[in-house]
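Written below as structure tokens is the structure these notes are about.
The values are calculated or read from the model by the stated rules, or taken from the named source; none is laboratory data. Keep in mind the model is a prediction, meaning the values are calculated, not measured. Positions of Cβ are generated from backbone atoms using ideal geometry, with glycine treated the same way; all protein chains shown enter the neighbour counts.
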Amino acid sequence: MVEIREVMDIREASEYLGVSRETLYKYVYEERIPAFKLGNRWKFKKTVLDPWMEKQSTQREARTGRRLRADVR
């Protein structure tokens, strides 16, 4: 089993989130994902990413649900 560290670098975070490093860099530069710089490297805290992912998924479900209800009418 792979250990998931509390503070992850770009490679570890991209694996944890299931996106490419390029996509993750894009999200960082667009300020779409919580990250911080330590020196000249981007870092990600697991305890910050987990609630962020939960919020993203519930917002997406809410938008999708509203759209589906509107289509039914």
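Data table
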item	result
Neighbours by Cβ (under 7 Å, 6+ apart or cross-chain): first from segment 2-15, of a type outside the set (D, E, K, R) and surrounded by 14 or more Cβ atoms within 10 Å (Cβ to Cβ); second at pLDDT 95 or above and part of a loop (DSSP other than H, G, I, E, B)	S14/S20
Unmet criterion (only one of (1) surrounded by 15 or more Cβ atoms within 10 Å (Cβ to Cβ); (2) β-branched (V, I, T); (3) closer than 21 Å to E3 by Cβ) for I33	(3)
Among residues of segment 36-46, those that are touching a helix residue (DSSP H, G or I) at 6+ places or on another chain (Cβ under 9 Å) and surrounded by 14 or more Cβ atoms within 10 Å (Cβ to Cβ), counted	4
